[in-house]
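Okay, so here's the structure we're looking at.
The values are calculated or read from the model by the stated rules, or taken from the named source; none is laboratory data. Keep in mind the model is a prediction, meaning the values are calculated, not measured. A quick note on method: Cβ atoms are made from the backbone with ideal geometry, for glycine too, and the neighbour counts reach across all protein chains shown.
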Amino acid sequence: MKSNLSNNAIKVLNSRYLLKNAEGDIVESPDELFRRVANHIAKGELTYGSAADAKAWEEKFYALMCELKFMPNSPTLMNAGMPLGQLSACFVLPIEDSIESIFTTLKNTALIQQSGGGTGFNFSALRPDGDFISSSSGNASGPVSFIKIFDAATQNIKQGGKRRGANMGIINIDHPDIEEFISVKREEGVLSNFNISVGIYDTFMIAVEQDAMWQLKHPGIGKLVKEIKARSLWNKIVENAWSSGDPGLVFLDTVNKTNPTPALGEINCTNPCGEVPLLSYEACNLGSINVSQFFITESKQVDWKKLEESIIFSIRFLDNVIEMNNYIIPEIKALVTGNRKIGLGIMGWAELLIKMHIAYDSDKALQLAEQLMKFINEKSKEASIDLAKQRGVFKNWDKSVYHPHTPIRNATRTSIAPTGTISIIAGTSSSIEPLFALAFHRENVLNNETMDDINPIFVQYLQQNNLYSEALIKQVAKTGTLAETDLPAEVKNLFKTSLEIEPKWHIQHQVAFQKYTDNAVSKTINMPTEATIKDIDNAYMFAWKQKAKGVTIFRYGSKQKQVLKSGIDNQDACHVCVS
């Protein structure tokens, strides 16, 4: 079996994923990579079945990846079957108010990032800047200073020798240093290895609505440090988000309403992109189904039967990942194997909609989103229940919301990740995002290299409908959109790009998928350059009211460095990228 990989997919695989010898020469083909991963993950069957079972599942896992129907997270692709063997995408680590805790976590962070994982931290337990330290008769430097130390460490640790680390830093809205935190990324280049989010409580949002005062309290002793207008803090958040894209928001009360193991503690942090809320020392093991592969051309419908089979195979694959993972920190092994959280998500959503001739910014798209994710969530749960019959429930099941009525293998099953490079490998649109542009320029994907792309589904559509011309392709390559073309309105609507879609539709898509997702949804609310601070205010408030677990916005051009840019500067590149 041979995969039908695009030129850009091969570039990504060559740069990051395929094995290399000591001289840096590639010694593995894409199909050999998929075989290596399938073989290693299928060995998880040996704990519960025979060698014949493992071989049979190896073939199923191999076909799933070769047919580009499913991809696991990057560390699994990179490390499965290798001595390093660290397969998890990301981790949440605790930070308590002591030098020992802070630097133990920094050491663990280094080990995780060296092995290819990302990390999330909530720094709210640290005492505020200037606070008296009785043991040394000195003064605390505050959580922001330590976040900068973690950022500097990440800068100097290249993940698995293949990519730089990613972090999530959270401070809760009632911490005395929250104002400094909100503004910390306003200066370009500060905390460049961190996404930052404010941990938000419902009581704060209500205080904003009522224009009430808000109390900032010492995290250790609960003493009132300062009172401030809630609306003043809120305005600082939205102004800085408008200026730099940070901070995002994590709605902690909404997150904890669906915490599957409340007896083990409250969740106060997420992984770097926000799609997996985790307890301290938990890790996320993720994979994504390419839903555009399940479109039936003749009937223009989703092939629900084949999708169900792929969901069942994917859930088993991810449960095996937990079995075969190399846990470099004992506390992580205990909690990951204790809760067995996995996160199956999707990619190719925008391309599926295009194939079905459904505009992204339409009620029909939202209805299909709910129908699709409900199906995936239900079939994932059924698959996990079936696995529990074969393999047993997760160890902490008696401390979970499933006890005593629902014996199940995994505390969570679904999560929607950004799918960055794995969607390039699969040759499809990323996650549940609309097309960013019909022609775009990627930066910082392959170390310092760039990559240009014209959407192949768009080109195919033009050809099938006798709309293709070299002149049109050149025009689209320059701008990345159809706005200035003479194409019919229905074509322009179908191929609307991210910045042409109103923020409310972005948020409604996130919420539609969140409704049937165990963990959370990573979704960027893209906004055009001319978006106002009020637009950010409205988007953040709307996300809370719609029960999103978190929200991230990005106003185009608000950072000097951004990964995706609409349009291709080099007009000669488009012919290469169409194939």
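If you scan segment 185-203, which residues turn out to be in a loop (DSSP other than H, G, I, E, B) and either at positive phi or surrounded by fewer than 23 Cβ atoms within 10 Å (Cβ to Cβ) (or both)?
Within segment 185-203, the subset in a loop (DSSP other than H, G, I, E, B) is 185-193, 201.
Once the filter is applied, which keeps residues that are in a loop (DSSP other than H, G, I, E, B) and either at positive phi or surrounded by fewer than 23 Cβ atoms within 10 Å (Cβ to Cβ) (or both), segment 185-203 yields 186, 187, 188, 189, 190, 191, 192, 193, 201.
Could you count how many residues in segment 512-563 are β-branched (Val, Ile, Thr), surrounded by 18 or more Cβ atoms within 10 Å (Cβ to Cβ) and assigned to a loop (DSSP other than H, G, I, E, B)? Lay out the reasoning, then the answer.
Taking segment 512-563 and keeping what is β-branched (Val, Ile, Thr), we get 517, 521, 524-525, 529, 532-533, 536, 551-553, 563.
With surrounded by 18 or more Cβ atoms within 10 Å (Cβ to Cβ) added as a condition, the list becomes 517, 521, 524-525, 536, 551-553.
Narrowing further to those that are assigned to a loop (DSSP other than H, G, I, E, B): 517.
Of the residues in segment 512-563, 1 are β-branched (Val, Ile, Thr), surrounded by 18 or more Cβ atoms within 10 Å (Cβ to Cβ) and assigned to a loop (DSSP other than H, G, I, E, B).
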Any hit, segment 21-31, residues being of a type outside the set (Asp, Glu), under 25 Å from residue 388 (Cβ atoms) and crowded, with 17+ Cβ neighbours inside 10 Å: no
Filter result for residue 72 (in contact (Cβ under 8 Å) with a residue 40 or more places away in the chain and out of contact with any His (no Cβ under 8 Å at 6 or more places or on another chain)): yes
Segment 239-266: number of residues that are in a loop (DSSP other than H, G, I, E, B), farther than 20 Å from residue 546 by Cα, touching a helix residue (DSSP H, G or I) at 6+ places or on another chain (Cβ under 8 Å) and not polar (S, T, N, Q): 3
Tally of residues being in contact (Cβ under 8 Å) with a residue 24 or more places away in the chain and either over 23 Å from the mean Cα position of the chain (by Cα) or farther than 30 Å from residue 221 by Cα (or both) across segment 83-110: 11
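Look through segment 421-438, keep the residues that are assigned to a loop (DSSP other than H, G, I, E, B) and small (Gly, Ala, Ser), and return whichever of them is surrounded by the fewest Cβ atoms within 10 Å (Cβ to Cβ). Explain how you work it out, then say what you get.
Of the residues in segment 421-438, the ones assigned to a loop (DSSP other than H, G, I, E, B) are 427-438.
Then keep just the ones that are small (Gly, Ala, Ser); that gives 427, 429-431, 437.
Working: 427: 21, 429: 25, 430: 25, 431: 26, 437: 23.
Among residues in segment 421-438 that are assigned to a loop (DSSP other than H, G, I, E, B) and small (Gly, Ala, Ser), the one surrounded by the fewest Cβ atoms within 10 Å (Cβ to Cβ) is 427.
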Index of the failed condition, residue 207 passing every other in (1) assigned to a loop (DSSP other than H, G, I, E, B); (2) over 28 Å from the mean Cα position of the chain (by Cα): (1)
All positions within segment 30-83 that are of a type in the set (S, T, N, Q), touching a strand residue (DSSP E or B) at 6+ places or on another chain (Cβ under 8 Å) and part of a loop (DSSP other than H, G, I, E, B): 73
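Taking residue 255, is it aliphatic (A, V, I, L, M) and closer than 19 Å to residue 317 by Cα?
The answer is no for residue 255.
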Residues (assigned to a helix (DSSP H, G or I) and under 15 Å from residue 78 (Cβ atoms)) located in segment 4-29: 12, 13, 14, 15, 16, 17
Pick from segment 367-382, criterion in contact with a Lys or Arg (Cβ under 7 Å, 6 or more places away or on another chain) and closer than 16 Å to residue 313 by Cβ, ranking: surrounded by the most Cβ atoms within 10 Å (Cβ to Cβ): 380
Members of segment 356-366 found to be basic (Lys, Arg) and surrounded by 19 or more Cβ atoms within 10 Å (Cβ to Cβ), listed by number: none
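Answer with yes or no whether residue 391 is over 27 Å from the mean Cα position of the chain (by Cα), of a type outside the set (Asp, Glu) and modelled with pLDDT of 95 or more. Break it down stepwise before answering.
Values: over 27 Å from the mean Cα position of the chain (by Cα): yes; of a type outside the set (Asp, Glu): yes; modelled with pLDDT of 95 or more: yes.
Yes, satisfied.
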